[in-house]
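Report on the following structure.
No value in this document is a laboratory result; all are computed from the given coordinates. This one's a predicted model, so the numbers in the text were calculated from it and none came from an experiment. Quick reminder, even Gly has a Cβ in these numbers, built from the backbone with ideal geometry, and neighbours come from all protein chains shown.
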Amino acid sequence: MQNKKSHPSALNEKAGIAPPETTSLTSIGTIQHFRKIQPSATALVEGILAGNITALSRAITLVESTNNNHLSKANEVINACLPHSGKSMRIGITGVPGVGKSTFIEAFGKFLTNQGKKVAVLAVDPSSTISHGSILGDKTRMEELVKDKNAYIRPSASGETLGGVARKTRETITLCEACGFDTIIIETVGVGQSETAVHSMVDFFLLLKIAGAGDELQGIKRGIMEMADAIVINKADGDNIKKAQFAKMEFNRALHLFPAKKSGWIPKTSTCSAITQEGIPVVWEIIQKFLALTKENQSFFEKRKEQNQYWMLETINEQLKINFYNQHEIQNLLEPTKKAVQNNEISPFAAAQKLLNLYQNSKNNQQNMD
């Protein structure tokens, strides 16, 4: 029996001309070189004041850095930008997961840019308590707004900060305002009593709700409801319109249970659909009325003064914590002390006092050496 001639597989590729390199190695090297160059604080400030988005993004990254070596440079940038800030409308937006915050913000942001506004969205994404990672997918969810030349979206990880507010969100607001953005929107990770952190850095606090999800019962609860300047029932479209109108009435009744606001503003309720754009202009009208009232009776400016003081104290607390954990002696003793607490060899309170005493003694020794 004759052996059949073996034929090469049709899947084999014939030798031919190699395709050209699609990426220039020279270009890659140039890009990497420029990325390594850190611009000076003066260069960053000049870029921000000129409306350069790249300079703004690099400055925000610098401000968010936990590296102590970046602190003085970040402070220099913030202080230089401070005189050029404070002229925006700061809006905080919160709501339970699934309420449609990102969709609403995109529709609202597009409405504002069409009105000639420059909008910066500071979206705070939740960080995992296990891996400490964060998806930072807001630019993907707001695919229309991200392409708008008058909009800027900056996602940040919440980390361990109270209320899901990024550690340096307050400073980021200052940088965005100096860059020319007149409307700052802060999207939080969700609803909770700790949302006071957001409330303490915005002028107007908007609470998004949805109908038919038991939210009507939440209306009589204190905390988040007391902070809201407006309640907007989202997804008021299709078969959900009647439910949204009913929810609006329920929230109106609930708002009468709360004491009047110091500013004299009476919180409003409204319905909207981020999909059909229905009701979006009404939300802006509510905010405009709030601005007119609070600026006329000066409560707008008084609130900002109180917020500045609050964030000074918060910054002191945070910096003390950073200094404590970055001290060499504390780092060496922290893990053994944790194990001693776990094994009931020392009480948590005594252990904490021991570490605090060590920190204070170390600081005193350092001062004596200086």
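At a glance:
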| item | result |
| --- | --- |
| Segment 38-80, relative contact order [Cα under 8 Å, separation at least 6], % | 40 percent |
| Simple label model, 7 Å out from Cα along Cβ direction - THR66 to LYS242, nm | 5.3 nm |
| Equivalent ellipsoid semi-axes, segment 309-369, via Cα gyration tensor eigenvalues times 5, rooted, Å | 24, 16, 10 |
| Computed E for PHE258/LYS305 - FRET, C-beta separation, R0 22 angstrom, nearest 0.05 | 0.35 |
| Difference of contour (0.36 nm per residue) and Cα-Cα distance, MET369 to ILE266 | 31.2 nm |
| Pairwise label distance in nanometres, GLU76 with ASN52, each label 7 Å out on the Cα-Cβ vector | 1.5 nm |
| Computed FRET value (nearest 0.05) for ALA292 with LYS147, which takes r as the C-beta separation and R₀ as 30 Å | 0.40 |
| Theoretical gain in end-to-end length, ASP182 to ILE316 [0.36 nm per residue, Cα-Cα removed] | 45.4 nm |
| Simple label model, 7 Å out from Cα along Cβ direction - TYR325 to SER362, nm | 1.4 nm |
